[in-house]
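The values are calculated or read from the model by the stated rules, or taken from the named source; none is laboratory data. Bear in mind the structure is a predicted one, so any value in this text is a computation, not a measurement. Methodologically, a virtual Cβ is constructed for each residue, glycine included, from the backbone with ideal geometry; neighbour enumeration extends over all protein chains shown. To get the accessible areas, we keep the full protein, side chains included, count just its heavy atoms, and leave off ligands, DNA and RNA. Shrake-Rupley method; radii C 1.70, N 1.55, O 1.52, S 1.80 Å.
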Amino acid sequence: MSATPPSATSRLAPARLWIHRALAAIGLPVLLVLGLEGGLRLAGFGRPAGFLIPDEQPGFYRTNPDFVSLFMPGGFDLRPLNFRVAARKPPNTVRIVVLGESAAQGIPAPAFGFAPQLRAQLRARYPDKRIEVLNTGIVAINSHVVYRIARDLAAFSPDLFVVYLGNNEVVGPYGPGCAYLAEMPPLWVIRLSTLVRATRTGQLLGRVLAAFSRREARPEEWGGMSMFVDRAVAGDDPRLAGAYRNFETNLRDIVRVADTAGAKTLLCTVVANLKDCPPLLSLHRAGLTEAELAAWQQAFDRGRLAWRLGDAAAARTDLEEARRIDPQYADTLFMLGSLELAAGDPALARARLLEALHWDALRFRPDARINEIIREVAGAGGPVQLLDAAKLLGSDAASPAPPAGRELLFEHVHFDWAGNFQLAWAMAQGAEALLFGRSSGAPAWLDSDSVAAALAYTPHERFSMLQHIATITQHPPFTNQLTYPEDMARLARDLNRAQAEAATAESRRLAKTLVQAATAADPENADLAKIEETVDEELGDPDGALAQAQRARRLQPANATQAADEAIKLSRLGRYDEAEKLLRQTALTCAPRDLTLMAPAFADLFTRTKRYADGRRYFDEAIARRPRDNSLRMLSGRLAGLAGEAAAAEQAYRAVLADEPGNQPALEALVGLLTETGRSAAVEEATFAAAGAQSRNQANNLRAAIISENRGDEVQAIRFLRAAERSGPVTSAVELHLTRKLLTRGQAMEALAHLAEARRISWYEGDAAATESIGQLIDQLRPAGLNR
C-alpha cells in the first residue's frame, strides 16, 4: 500500500504549535506581571515614580517627594522643591524648566538662586507675559536623574529647558565616586533598572532582594559631602571616560527630549571656584619611590610653611621642586597657582589652578572635560543655544575674566548672590534670544538691586544663607583644605556681621517694606510669604507671622514641614488646640519619614503646655514606628529633662550614642545634663569615650583639650587642639595657645605654621595690634624654624 503524502495543513501544524508555545511562554509571564502590578497598585503598595504627581488641587500636578528614591536610598530623603504646576499651560504663559543639581536648585537659599532671578528678569522685561520658571534642581543628582526629569516635564508643554548640569557626574548616582552605589553599569542597564524600579513590581522585588542581600551595608541617611571622603577618583582614573560618555549621551538625549516636546534648550557650561577653593583631597602619582616620597615631603613641607608665612620666593622654589617630583599632587598646584596670581600672572595662575582642580580626587567640581562635552552637544545643531558660563565667569582656561573665586561662589560650586545674578542675567538674554528673538523695544534688564527688590533679598536674609553655608563647610571634606582655619575665621566674621545687621530694627523694617512691595507685584510667590513670616516674627507680630505661614501653606502643595511651622505659630499665640489638631491631622496622612519633620513642632506644643508625660508617650509611639530615628529619642530626652526626670533624659541620650556614636547633639546634651548635676567625672568619661567617633566635634575637642591640660597631659592636649582647629572656627587665641605648647616641645616648624594661622585669623578678628605682635613673633622664630 502506497504512503499518503502529508497535506500542507499537517506540515504547518508543528510550526503553529511552536508559535503557540512561544506566545504562551512569553505572554503568560507578562500577564502575571501585569496582574501583579495591578494588584499592588490597587493595594496601595509602593510609590509613584514620576517627578510630577497629581496634586490635591484639581487640574494641577505637584513635585513628587519620593522621586529621588528611584536612584538613591529612600532614607536619604532628598527632595525636589515643593511646587505645583497646572496640567494645562495657561494662555499667554511662557513655561521654562530649569534642570540641574544643587547649584541649579539654589543652595544655600533657593529663593535667591539663578532660577528665581531668571524669572524676575523675564517678568520685568515681558510684563504682558505670564512667566513660569519650574526649578527642578535637586541636591546630589546627576544627568542620569535629570534625563528622567526632562522626560517627565516634556509632557507639560515646556517652551524652554535651561540646563545647568555637570557638577555631580562622578560622585552622583552610578558615578565612580558615588558613596552608595559602588557599581558603574552600562548606560542601558542603568536606564532599564530605573524603569523597573518605577513599577510597583520592581519596588516589591527591590524590597525582597534587600531583605536577603549580604552586600556591604549602605548608608541609611544622607550625610552630605562627608559621605564621600573615602571615594577618591584620581584625574587619570580610567573610569572617568565611562562617566563622561554617559554624561554626553544623557545630555544629547535631554536635548532630543526637549526638541520632541517642541521646546528649545539653553545649555550652560558649569562654573567652579578655582581661586578660593583648595583641593578637597590630594593624591600622589602612582609609582613614587620611597626616596622620591621623602624628597617630595621635605620640599612640600618647606614650601607649604613658606606659603603660609607669605614668603613667596621660598615657597615657589620648594613647591616647584615638589611639583617636579610629583606633578599630580593637587595641593602643590593650588599653592603655586595662588602664588602666580599674587605675582600678577593670571594666565599661569589659571593653568595651575585648573591643574589643581583636575587632580583633586574628591570630584565635587567639574573637570574641563565636562564643559567640553556641553560645548560639543550645544554645537551639534538644532534648537539649542550655548551659554558658556564657565568662560564668562572665569573658570575656563580661555576665560578673559579673573579666575572664579569667593566673589561669585560660597565654596566649591554654589553661587553667592553676585554669582547667581551674573548667571541669571546671561541666562535671561539667552532665553530671550531663543523664545522671542532680540527685542529692541523691551524694558531694560534689571540691575542687581532691582532683582533683589523683586525677590525681597536684603541684609536681613543674608544671615540665614551664611548659616546654611556654615553647616556645609564646617564638616569634611572641607576640613581637609589648606585654608580651612582661615576660611572658618572669615565665615565667622561674616556671620557675626550679618547677624548684627539682620537684628537691627532698621534692617527688619526695610525687609518688611521690600517684601510687602514684592508680594504686591508677585502675590503667588510662596517664598515671599515665608520671608514675610520670619520678618513679622522678629518684629514681634505673631498674628502677622501666622497669617503668612498660612498663606505660604496655601500657595504650596501639602507639606508636613509647612504644617508644622504653622502649628508652632499657633502654639506661640496660645491656640494650642488648633495647633494640636493640625499636627495630628497632618501626621495621619503624611509619610512615616515626615514624622521626623513634624517632631519639633510636637515637642514645642508639649513643652509650652507643660504636658511632658503626653509628650513622652507620643514620642514612645513614634519611636516604635521609626526605631532607627534618633532625632525622636533626642526630643523625648529633652522632654524628660524639662519634666525633671534627669535619669530618663540621660538614658535617652545614652541610647542614641550607643546606636550612633557619632551623634554630636546627643553627646552635647548628655554632657550638659551631667554638668548640671555636678558629675564632672562622668563628663570627662563621656568626653574621652566619644573622642574617636566624634573627631570632628569641635566642642568635644576643646573640652578634651582642657581636661587633658588640667591633667598635665600635654601630648593629649596638643592632639585635641589640633583636632579643634580642623573641626570649626577657632580664635587666634586658640592658635597661639597651641603654638606655645608646640614650642615647649621643640616642634618649631609646626609652631610657625600655627602662628601663621593665628596672624591670618587675628586679621579677620579685626585686632590689628594682635596681628602685628604675631608678625613680630614669626620674625623672631623664623630662623629657628626654617632650617633650610
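So how much accessible area does residue 162 have, in Å² to the nearest 10, using a 1.4 Å probe?
Approximately 0 Å² for this residue.
Rank 716, 564, 425 by how far each Cα sits towards the positive end of the charge dipole of the chain (+1 on Lys, Arg Cβ; -1 on Asp, Glu Cβ) and give me just the farthest.
564
Under the rule a/c < 1.5 gives rounded, and otherwise a/b versus b/c splits prolate from oblate, where does the stretch 610-686 land using the Cα gyration tensor? It would help to have the intermediate numbers written out before the result.
On the way: a/c = 2.89, a/b = 1.33, b/c = 2.17.
Note, shape of the stretch 610-686 comes out oblate.
How do 447, 416 stack up against each other in accessible area, from largest to smallest, with a 1.4 angstrom probe?
Sorted by accessible area, descending: 447, 416.
If you place +1 on the Cβ of every Lys and Arg, -1 on the Cβ of every Asp and Glu, and leave all else neutral, what size is the dipole of the stretch 610-686 about its Cα centre, to the nearest 20 Debye? Walk me through the intermediate numbers first.
On the way: 11 positive and 12 negative charges, 77 e Å.
The calculated dipole for the stretch 610-686 is roughly 380 debye.
Sticking with the crude label model, points 7 Å out along Cα→Cβ, report the distance from residue 613 to residue 710 in nm, one decimal please.
3.9
Okay, helix-only estimate at 222 nm for the chain: each DSSP H run of n ≥ 4 adds -39500 (n - 2.57), divide by all residues, round to 500 deg cm²/dmol; what do you get?
Helix-only estimate at 222 nm: -19500 deg cm²/dmol.
If you take the C-alpha gyration tensor of the stretch 493-582, multiply each eigenvalue by 5 and take the square root, what semi-axes do you get, largest first, in whole Å?
Details: eigenvalues 114, 56, 28 Å².
Semi-axes (√(5λ), whole Å): 24, 17, 12.
Run the quick spin-label model on residue 301 and residue 439: label points 7 Å from Cα toward the beta carbon, then report their separation in nm to one decimal.
Calculated label separation equals 6.4 nm.
Starting from the amide H of residue 281, placed 1.01 Å from N in the peptide plane, find each other amide H under 5 Å away whose residue is 5 or more places distant or on another chain.
361, 362
By how many nm would the segment from residue 448 to residue 772 lengthen if fully extended, with 0.36 nm per residue of separation less the alpha-carbon distance?
Extra length from residue 448 to residue 772 when fully extended: 112.8 nm.
So who's got an amide H within less than 5 Å of the one on residue 409, skipping anything under 5 residues away but keeping other chains? H placed 1.01 Å off N, in plane.
Sorted by chain and number, the residues that satisfy this are 416.
Indicate, rounded to the nearest 5 percent, the antiparallel portion of the DSSP beta bridges found entirely in the chain. Walk me through the numbers before you get to the answer.
Working: 7 of 27 bridges.
Looking only at bridges with both residues in the chain, the antiparallel portion is about 25 percent.
As I understand it, the dipole of the chain uses +1 on the Cβ of Lys and Arg and -1 on the Cβ of Asp and Glu, about the Cα centre. Which of 517, 496, 588 lies farthest toward its positive end?
588
How do 427, 227 rank by accessible surface area computed with a 1.4 Å probe, from largest to smallest?
Numbers: 427 0, 227 45 Å².
Result, largest first: 227, 427.
Would you mind checking which residues have amide H under 5 Å from residue 767's amide H? H placed 1.01 Å from N; only 5 or more apart, or other chain.
Those lying under 5 Å, H to H, from residue 767: there are none.
Provide the per residue accessible area, probe 1.4 Å, for the chain, rounded to a whole number of square angstrom.
Heavy-atom accessible area per residue stands at 44 Å².
With only Lys, Arg, Asp and Glu charged, each at its Cβ (+1 for the first two, -1 for the last two), find how big the charge dipole of the chain is about the Cα centre; round to the nearest 20 debye.
My answer is approximately 2580 debye.
Roughly how many whole Å is it from the C-alpha centroid of the stretch 55-76 to that of the stretch 533-604?
So the separation of the two Cα centres works out to 21 Å.
Work out how far the C-alpha atoms of the stretch 290-359 reach from end to end along every principal axis, then list the three figures in whole Å, largest first.
The principal-axis extents, from largest down, are 35, 26, 14 Å.
Enumerate the calculated ³J(HN,Hα) couplings along the stretch 252-265 in order (Karplus 6.51 cos²θ - 1.76 cosθ + 1.60, θ = phi - 60°), each rounded to whole Hz, writing x wherever the residue is Gly or Pro.
Karplus-based 3J(HN,Hα) across the stretch 252-265 equals 4, 6, 5, 4, 5, 4, 4, 4, 4, 7, x, 9, 9, 10 Hz.
Can you tell me the Rg and Dmax of the stretch 224-311, counting just the alpha carbons, in angstroms?
That works out to 20.6, 63 Å for Rg and Dmax.
When the solvent-accessible surface of protein heavy atoms is calculated with a 1.4 angstrom probe, in what order do 731, 136, 609 fall, highest first?
Largest to smallest exposure gives the sequence 731, 609, 136.
So if we plug the beta-carbon distance of residue 516 and residue 572 into 1/(1 + (r/R0)^6) with R0 = 25 Å, what FRET efficiency do we get, rounded to 0.05?
My answer for the efficiency is 0.70.
Which Cα, out of 670, 156, 144, lies furthest along the positive dipole direction of the chain (beta carbon charges, K/R +1, D/E -1)?
156
In whole Hz and in residue order, list the ³J(HN,Hα) couplings for the stretch 285-296 that follow from phi through the Karplus curve 6.51 cos²θ - 1.76 cosθ + 1.60, θ = phi - 60°; x for Gly and Pro.
Each residue of the stretch 285-296 in turn: 5, 5, x, 5, 7, 4, 5, 5, 5, 5, 5, 4 Hz.
Taking θ = phi - 60°, what integer Hz values does the Karplus form 6.51 cos²θ - 1.76 cosθ + 1.60 yield along the stretch 476-489, in sequence order, with x for Gly and Pro?
x, x, 5, 5, 7, 6, 4, 9, 4, x, 5, 4, 5, 5
According to the square roots a ≥ b ≥ c of the eigenvalues of the Cα gyration tensor, what is the shape class of the stretch 91-152, taking rounded for a/c under 1.5, prolate for a/b larger than b/c otherwise, and oblate for the remainder?
Working: a/c = 3.98, a/b = 1.54, b/c = 2.58.
The shape class here is oblate.
Round to the nearest 10 and report in Å² the accessible area of residue 237, as given by a 1.4 Å probe over the protein chains' heavy atoms.
Taking all protein chains as shown, residue 237 has close to 30 Å².
Accessible area of the chain with a 1.4 Å probe: how many percent of it is carbon plus sulfur?
The nonpolar share, carbon plus sulfur, comes to 56 percent.
Would you work out if the stretch 578-624 is rounded, prolate or oblate? Take a ≥ b ≥ c from the square roots of the eigenvalues of the alpha-carbon gyration tensor; rounded if a/c is under 1.5, else prolate when a/b is larger than b/c, oblate otherwise.
Oblate, since a/c reaches 1.5 and b/c is not below a/b.
Measure of size requested: the Rg and Dmax of the chain, with Cα atoms as the atom set and Å as the unit; please supply both.
29.5, 126
Determine how large the accessible area of residue 156 is when every protein chain is in place; take a 1.4 Å probe and give Å² rounded to the nearest 10.
Surface accessible to solvent at residue 156 totals approximately 20 Å².
Using only C-alpha atoms and all pairs of different ones, pull out the Kirkwood radius for the stretch 676-788 in Å with one decimal.
15.0
Fully extended, how many nm does the chain gain between residue 524 and residue 676 (0.36 nm per residue separation, minus their Cα-Cα distance)?
49.8 nm
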